[in-house]
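Colleague: Here you go, one structure.
Values quoted throughout were computed directly from the atomic coordinates according to the rules given, and no laboratory measurement underlies them. The shown structure was predicted, so the numbers you read here are calculated from the model rather than taken from an experiment. Quick reminder, even Gly has a Cβ in these numbers, built from the backbone with ideal geometry, and neighbours come from all protein chains shown.
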Amino acid sequence: MFGFGKKKYDNDPFCSYPFENVEIRPTGEVYFCCQGWIRENSIGNIYKTPFHEIWNSDTARAIRRSILNGDYKFCDRKICGFCPARHPEVHILGAVDGHYALPPKTVFFAPSYECNLSCVVCRKDRIFTSDARLNKLKSQIDSVFLPIFSGVESVGFSGSGDPFADRFCRELVGRTAASYPNIRFFFHTNGVLASPEMLQSLGVLNRMNNIQVSLHSATSETWKKFTRGSDDQYSALMDNLKFISDLRRDGRLPYFVLSFVVASFNYHELIDFVRLAQSLGADKISVWGYRNGGSVYDGVADEVEGANIQTDAEASAFSVHTPPHAEYGKLGEILRHPVFSDPKIELYPEIKKIRDEALQEAGV
Ligand code: SF4
Ligand code: SF4
């Protein structure tokens, strides 16, 4: 009846992302998962096409067919965070020719690049949305953005700027909370502005299903070096982390993630970062390698004067996880530490490979 037998998947992992998830970039391009993982295969652009057409566009259907037939030809499985479901739900297997009738369960939206920090791996200076773009975005809330969330269970914000520093994002979060009382929220933030007052004012304090804070350090010195932030901002971040940790322990927040991008100037704090994340009660502790993100700014040039287009030499100097970096071996020694056996730790493939090699060399 469905064209694909359930039995086919009994022993193989199955990726349900293209049936349940979309990520929307500041350019308006829509992807089923991380833009890099799916090799830049956008399924459409919200500024050109209504979202309900994008969801079943030709590219969307082709990607779904490749998941259903098991060839995954659009996917870069070497870097993808692949979230396998061993038994796809029966209605997913019923997506004949890749056409899928249900809306996504999760929409992750990065509306712009505005942020209160300027991390050295991300940009050269702070980025602000221009007034013209800000006004245009605000004028599209009812016509373009809110309809995307109809029928959706959970909406995540940011991944490009900071959801609480970005003026447009704050307005959209507040409008979404007011328009869809059953939607749950997920935020990816640097944490500096993720205060109780901020969450309360946006109407999301008791409606979050997940908050991910990018920390990248275990000390204020390294955090300031990474983010170009101030002592006051670090102090606010620590207060907010304590508050988020308490929310999680009280059961008012179902999931809490802390993350770390490995670069040459912070990797020596990895073990202490993991211990800090454990002490804060994080459910997941994510670690991945630095990537030169300069190209992601293409298409929004009016907004990104401070964007970081790193030179090859700068990118190589940061990329401690890539041989022949002089400190690659030291990173392996650190990753050999037993603290990384904690099942809450998610090492992305490029970092896991280094740990596996280091353990093998040590005969562990
Ligand atoms: S397998 Fe990976 S790249 Fe492919 S759709 Fe799933 S998450 Fe994306
Ligand atoms: S990495 Fe995140 S916190 Fe840092 S400048 Fe970029 S968007 Fe802001």
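Colleague: Let me check against my output: what whole-number percent is the relative contact order of the stretch 304-364, with C-alpha pairs under 8 Å and at least 6 apart?
Modeller: 29
Colleague: Let me ask another. Using a cut-off of 13 Å between beta-carbons, work out the net charge of the residues near Ser319 (Lys and Arg +1, Asp and Glu -1, Ser319 not included).
Modeller: Net charge in that neighbourhood comes out at -3.
Colleague: Let me ask you something else. Anyone know which of Pro111, Pro181, Pro254 comes out most mobile in the 10 Å Cα GNM of the chain?
Modeller: Pro181
Colleague: Can you put Arg252, Arg170 in order of Cβ neighbours within 10 angstrom, beginning with the fewest?
Modeller: By the 10 Å Cβ count, ascending: Arg252, Arg170.
Colleague: For the chain, build the charge dipole from Cβ charges (+1 Lys, Arg; -1 Asp, Glu) around the Cα centre, then report which of Gly174, His52, Phe187 sits farthest towards its positive end.
Modeller: Of the listed residues, the answer is His52.
Colleague: If you wrap a convex hull around the alpha carbons of the stretch 193-239, what volume per residue comes out, as a whole number of Å³?
Modeller: Roughly 81 Å³ of hull volume per residue.
Colleague: Hey, another quick one. Using alpha carbons only, how many angstrom separate the centre of the stretch 90-154 from the centre of the stretch 315-359?
Modeller: The stretch 90-154 and the stretch 315-359 have Cα centres separated by 32 Å.
Colleague: Select from Tyr47, Tyr17, Tyr290 the residue whose mean-square fluctuation is largest in a Gaussian network model of the chain (Cα-Cα springs shorter than 10 Å).
Modeller: Comparing Tyr47, Tyr17, Tyr290 in a Gaussian network model of the chain, the most mobile one is Tyr47.
Colleague: Moving on. Counting each DSSP H run of 4 or more residues in the chain as -39500 (n - 2.57), what helix-only mean residue ellipticity at 222 nm follows after dividing by all residues, to the nearest 500 deg cm²/dmol?
Modeller: -9000 deg cm²/dmol
Colleague: How would you rank 60-73, 116-129, highest first, on the average number of other Cβ atoms within 10 Å across their residues?
Modeller: Listed from highest to lowest mean packing, they are 116-129, 60-73.
Colleague: Moving on to the next point. How much length, in nm to one decimal, is gained on full extension between Glu333 and Ala132, taken as 0.36 nm per residue of separation minus their Cα-Cα distance?
Modeller: Additional length available on full extension: 67.4 nm.
Colleague: Past 24 Å, Cα to Cα, is the threshold; run Lys73/Lys353; Lys48/Lys105; Lys225/Lys330; Lys224/Lys353 against it and keep the listed order.
Modeller: Lys224/Lys353
Colleague: Sort 221-231, 335-345, 23-33 by packing, meaning the average of other beta carbons within 10 Å per residue, with the highest value first.
Modeller: Result, highest mean Cβ count within 10 Å first: 23-33, 221-231, 335-345.
Colleague: Using the count of nearby Cβ atoms within 10 Å as a rough guide to exposure, how do His52, His188, His325 rank from fewest to most?
Modeller: His52, His325, His188
Colleague: Pick from Gln233, Gln278, Gln140 the residue whose mean-square fluctuation is largest in a GNM of the chain, springs joining Cα atoms under 10 Å.
Modeller: For the chain, modelled as a Gaussian network with Cα springs under 10 Å, the answer is Gln140.
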